[in-house]
Amino acid sequence: MTPRSHSSQRSKHYALLGGLLLLALGVRLWRLTYHSLWFDETMSVFWANQPAARIWEVGMHLVEDRHPPLYYLMLRGWTILFGSSDAVVRSLGAMLGALAVLPAFGIGRLLGDRRAGALAALLVALNPFLVWYSQEARMFVPAATLGLFALYGLLRGWQSCSVRFESLPSNWDADDRRGACLARVWGVIWWGIVLVGLVMCVYSYLFGVFLLVVAGLWLVALLLLTLRVQERGRHWSAFLVGAIVLTLAGGLMLPLLWAGWQVSGTEFTEGRMFDGMGGVLLRQLTAYTLHQGPWSDGVVRAAQVGAGLLALAGLALPLRSRPGSGELRSAGRPLLALYLVGPLLLGGLLLARNRVLFDKPHYFTFLAPALCLLWGRGLAALLDRARL
């Protein structure tokens, strides 16, 4: 590829991302205040008006309020800067929700191709469930966005470990070595995004810990799936770096997770593992597809079947081979399956401690982007076969 064509490709790439971001932001800001704040949102405003030290103290003990402190602290700073009207209070979530299209595009592209990434980002931008909860002054969508950035950072961090200083060829010139150094700097940045994204996700919403589990599953899966190829040393290097980052993230989350575990043991009713999971899955699928509206039973069933089949297409159908496909593409389907199935299995086990774990679909908002990624990949695979 010539420098001019490469520059043209980059321009198109950024134009596409910019268009998707503007679309996502536009639909989230449209009719942002068509109804007034409801009770949970007024609680967000209440806590955001408290002193920062008070927010931190309450959020770390999870007794007076069941949510961690970071979202309330962000909302406090946001309202100090821009005021406390309903539109301002909700606009923080709308902005953070719109940003989710960026990591969705990146993950979809790395685990599939550019078309799969663009379709996944488009679905995230327009998904009615994600739009609705982006317009609420609550922490569910902001936490999901932070978790998506962390997962994207993990994939890019894994790629960055392909450069090893000790194996640089002796005949490389200064530009080659400068490029290798820059790649390693970017590697540090990507792993830093993993650490910061996961910690901020959990400190915004406690169930963000499920994405720490997803990140761990991805790391193990990437190692197992790439051990068959050459240059195994760099894969072990990437795995060890990732394991250190995830361990550090878990350590930083530990005080909050321990407080949450204690509260769950004293204030929630125990249930049975995987009790009613079939109904849970159908309810989640309906919410992440149609969300709310006066839908007939026929429309709901058709949406459930269509969404389920499209997700299965994303898991089962390979994408057409294209020049320049990255090494992560072959791991795309297993990783996306783990993103969706891992939290559901862990949540099913935790039903034994808290039987209302899946009581509301928005408790697992971070699963909606996983479905969008699968739908985007499924659509891309079907379009490949239609030669479009």
query: Roughly how many debye, to the nearest 20, is the charge dipole of the stretch 1-70 about its Cα centre, given +1 on each Lys and Arg Cβ, -1 on each Asp and Glu Cβ, and no other charges?
result: 700 debye
- line: Zone reached by a paramagnetic label modelled 7 Å from Ala221 Cα along Cα→Cβ, restricted to the stretch 242-261 with backbone N below 14 Å, covers none
field: Largest-first principal axis extents, alpha carbons of the stretch 265-380, Å
entry: 56, 35, 17
task: Counting residues in the stretch 99-147 as N, plug N into 2.2 N^0.38 Å and put the Cα Rg over that result.
output: 1.16
query: For the stretch 25-124, what mean projected area does the convex hull of the alpha carbons give, in nm²?
result: 7.8 nm²
- request: Please give the net charge around Val131, taking every other residue with its beta carbon less than 13 angstrom from that of Val131, where Lys and Arg add +1 and Asp and Glu add -1.
  value: +2
Ratio Rg/Rh, restricted to the stretch 184-302 and using Cα atoms, in which Rh is the Kirkwood radius: 1.10
task: Mind putting a number on the dipole of the chain about its Cα centre? Charges go on the C-beta only, +1 for Lys and Arg and -1 for Asp and Glu, and I need it in Debye to the nearest 20.
output: 1320 debye
- line: Rounded to the nearest 500, the 222 nm mean residue ellipticity computed for the chain from DSSP H runs (n ≥ 4, each -39500 (n - 2.57)) alone is -24500 deg cm²/dmol
statement: Subtracting the Cα-Cα distance of Thr42 and Thr266 from 0.36 nm times their residue separation yields 78.0 nm
- prompt: What net charge do the residues around Met273 carry, taking every other residue with its C-beta under 13 Å from that of Met273, with Lys and Arg at +1 and Asp and Glu at -1?
  reply: +1
task: Find which of Gly347, Val89, Ala150 sits farthest along the positive direction of the dipole of the chain, computed with +1 on the beta-carbon of Lys and Arg, -1 on that of Asp and Glu, about the Cα centre.
output: Ala150
statement: Of the accessible area of the chain, computed with a 1.4 Å probe and all protein chains kept, carbon and sulfur make up a percent value of 66 percent
statement: In nm, the gap between the two label points placed 7 Å beyond Cα toward Cβ at Glu64 and Gln9 is 5.5 nm
- request: Specify the inter-centroid distance of the stretch 88-109 and the stretch 1-79, based on alpha-carbon positions, in whole Å.
  value: 7 Å
- line: Rounded to the angstrom and largest first, Cα extents along the principal axes for the chain equal 65, 50, 45
- line: Calc'd 3J(HN,Hα), the stretch 141-150, phi into Karplus 6.51 cos²θ - 1.76 cosθ + 1.60 (θ = phi - 60°), Hz, glycine/Pro = x, comes to 6, x, 5, 5, 5, 4, x, 4, 4, 5
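The values are calculated or read from the model by the stated rules, or taken from the named source; none is laboratory data. Since the structure is predicted, the reported quantities are computational estimates derived from the model, not experimental observations. Cβ atoms come from the backbone with ideal geometry, glycine included; neighbour counts cover every protein chain shown. These accessible areas exclude ligands, DNA and RNA; they are computed on the full protein's heavy atoms, side chains included. Shrake-Rupley method; radii C 1.70, N 1.55, O 1.52, S 1.80 Å.
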